[in-house]
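**Q** Take a look at this one; I'll ask things after.
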Amino acid sequence: MDKQLYEKISQPFRENKILYTLLMACNTIPTGIGYIFYPILLIYLCFTDYHRIPAYIFFPGLFFVCLSIVRNKLSYSRPYEVLDIKPLIKKDTKGKSFPSRHAFSIFLIGTLWLPINLYIGIFILICGIILCIARVIGGIHFTTDVIVGMILGMLSGIFTIMI
């Protein structure tokens, strides 16, 4: 993505307050859904498959910490740093863009739900796609940041399920 493409993509959201509000909701609501559905998953496992709870806590936590360490070491710049743009989503972090932890987290949670309740899992994954699109349009992530976060989240979820 270059500055011209970003300006073209973000322009409708800058000019229309309703679209801007919708973009902000698409960044905030899916994140909240992840925060809500992960504890619900753990509570559900307490009553149905309690012996899996340690793995469903340990491995997602381990993968999240590893992802964060790699991300901090790489410290890839964010679009607003590289392209000299004003992001729609307010953020002042320098670097730490790749891979997206938001994308990683929601896709990990959605993947963990798939074998338990396919509909909830698909719902969370769709929310993840919406979140990723919002973060790219919002100017705080490049497409590669969210795609790699999505893939790593799903692989981490699959690994956790298979343990």
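**Q** Relative contact order, percent, of the chain when contacts are C-alpha pairs under 8 Å separated by at least 6 residues?
**A** Values: 213 pairs, mean separation 49.0, N = 163.
So the answer I get is 30 percent.
**Q** Next up: At 1.4 Å probe radius, can you tell me the per residue accessible area of the chain in Å²? Intermediate results must be reported in sequence, preceding the final value.
**A** Details: 8970 Å² over 163 residues.
On a per-residue basis, the chain sits at 55 Å².
**Q** Leaving out ligands, DNA and RNA, what percent of the accessible area of the range 34-100 is carbon and sulfur, probe 1.4 Å?
**A** Carbon plus sulfur share of accessible area: 68 percent.
**Q** So how far apart, in nm, are the two label points at residue 92 and residue 76 if each is 7 Å from Cα heading toward Cβ?
**A** It is 2.5 nm.
**Q** Then there is this: How would you rank 111-121, 6-16, 131-141, highest first, on the average number of other Cβ atoms within 10 Å across their residues?
**A** With the highest mean Cβ count within 10 Å placed first, the list reads 131-141, 111-121, 6-16.
**Q** Want the number for residue 43 to residue 1: 0.36 nm per residue separation, take away the alpha-carbon distance, what's left? Could the numbers behind the result be given before it?
**A** Details: separation 42, 0.36 × 42 = 15.12 nm, distance 4.15 nm.
Working it through step by step, the gained length comes to 11.0 nm.
**Q** Looking at the chain, do any whole DSSP H helices span at least 30 angstrom along their long axis by alpha carbon and average 0.0 or above on Kyte-Doolittle, and which?
**A** Those that clear 30 Å and a mean of 0.0 are 17-48, 53-74.
**Q** While we're here: Which FRET efficiency value, to the nearest 0.05, is calculated for residue 122 and residue 62 with the Förster distance at 22 angstrom and r the Cβ-Cβ distance?
**A** 0.30
The values are calculated or read from the model by the stated rules, or taken from the named source; none is laboratory data. Just so it is clear, the model here is predicted, and its values are computed rather than measured. With ideal geometry, Cβ positions are generated from the backbone for all residues, glycine too; neighbour counts draw on all protein chains shown. Each accessible area value is taken on the protein alone, full model and side chains, heavy atoms only, with ligands, DNA and RNA left out. Shrake-Rupley method; radii C 1.70, N 1.55, O 1.52, S 1.80 Å.
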